[in-house]
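Report on one structure; see the data block that follows.
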């Protein structure tokens, strides 16, 4: 815990400690000192990640007052986000100074009941779109794969994630070929951690496939993908994701040619990876 000594020092002397990669604690401290003057020295401020482009700030006054705020930052660089956060915190310190002077500030000693965290407003949803590949295998061990285009939106403080997918399906065995396309929507649920999002999702798809050897035979079915997800979002906007789980197909696909056959059983393991871009949607400020 390399940041622990910094927190202990800050608790004794005041200042800003950042455990977020989105902002620089030293830059916030310097900008806040310019904006709030001596008032900033009376506060200890801790910053931590709360989601994609979102930070949670805990402020403690030497008198015992505690304030918590959550901010969604619009800056594209660490320096811009640090200045943006310092400006917002300066307003909080001014508000607290005014309330304390007028007698409306309420001190809270350590060990008292927690005050519900205040928020700077609703968290703006952020979306993503990515392309990649999918690989499926089961028993029997006929393998299928294809390209995928997926998109989604982090919603509800990054807890829920509606998503959609279009994917191709391809399998081969000698001269027998199976090709198709899947289109579906689903819902994920999980939680953010720093620049990551971990959770799971259920995606229901309508599938059309065609088996070809000397002739062709088309069919329509359904597929439900149940997977665990890991997603990563860079400050530059780069997005990457991986998923692992099972694919439930109804009815199972069985294709027979002159000399070969393919069987894609009802429950198959599925692995997918995607790379793309995050699409931040900012609320009006």
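From the Cα gyration tensor of the stretch 4-102, with a ≥ b ≥ c the square roots of its eigenvalues, which class applies: rounded if a/c is under 1.5, or else prolate if a/b is larger than b/c, or else oblate?
Numbers: a/c = 1.65, a/b = 1.34, b/c = 1.23.
Verdict is prolate for the stretch 4-102.
What FRET efficiency comes out for the pair residue 74/residue 160, r = Cβ-Cβ distance, R0 = 22 Å, nearest 0.05? Kindly include the intermediate steps, with their values, before the conclusion.
Working: r = 22 Å, r/R0 = 1.02.
The computed FRET efficiency comes out at 0.45.
Which whole-number percent is the relative contact order of the stretch 4-102 (Cα, under 8 Å, 6+ apart)? Don't skip to the answer; put the middle values down first.
Values: 152 pairs, mean separation 26.8, N = 99.
Result for the stretch 4-102 is 27 percent.
When a footprinting reagent is the concern and you count Cβ atoms within 10 Å, what order do 128, 193, 232, 43 take, fewest first?
Ranking 128, 193, 232, 43 by Cβ neighbours within 10 Å, fewest first, gives 193, 232, 43, 128.
Using 0.36 nm times the number of residues separating residue 143 and residue 87, minus their current alpha carbon distance, what extension gain do you get?
Values: separation 56, 0.36 × 56 = 20.16 nm, distance 5.57 nm.
My answer for the length gained is 14.6 nm.
Between residue 230 and residue 58, what length comes free when the chain is fully extended (0.36 nm per residue of separation minus the Cα-Cα distance, one decimal in nm)? Intermediate results must be reported in sequence, preceding the final value.
Numbers: separation 172, 0.36 × 172 = 61.92 nm, distance 2.80 nm.
Full-extension gain reported as 59.1 nm.
Run the numbers on the stretch 151-266 and let me know its relative contact order in percent, using alpha-carbon pairs under 8 Å that are six or more apart.
Across the stretch 151-266, relative contact order equals 20 percent.
Which order do 17, 267 fall in if you start with the one that has the fewest other Cβ atoms within 10 Å? Walk me through the numbers on the way to the answer.
Details: 17 22, 267 12.
With the fewest neighbours first, 17, 267 line up as 267, 17.
Does anything in the stretch 52-69 have its amide N under 20 Å from the 7 Å Cα→Cβ label point of residue 97, and if so which residues?
58-69
Determine, from the Cβ-Cβ distance of residue 238 and residue 135 and an R0 of 22 Å, the FRET efficiency 1/(1 + (r/R0)^6), rounded to the nearest 0.05.
Values: r = 23 Å, r/R0 = 1.04.
According to the calculation, E is roughly 0.45.
For 198, 239, what ranking results if the residue with the fewest other Cβ atoms within 10 Å of its Cβ goes first?
On the way: 198 12, 239 22.
Lowest count first: 198, 239.
Could you tell me the relative contact order of the stretch 185-243? Use alpha-carbon pairs under 8 Å, at least six residues apart, and round to a whole percent. Don't skip to the answer; put the middle values down first.
Details: 105 pairs, mean separation 18.0, N = 59.
RCO, the stretch 185-243: 31 percent.
Every number here is computed from the coordinates shown, using simple stated rules; none is lab data. Please read all numbers here as calculations on a predicted model, not as lab measurements. For neighbour counting, all protein chains shown are included, and Cβ atoms are generated from backbone atoms with ideal geometry for every residue, glycine included.
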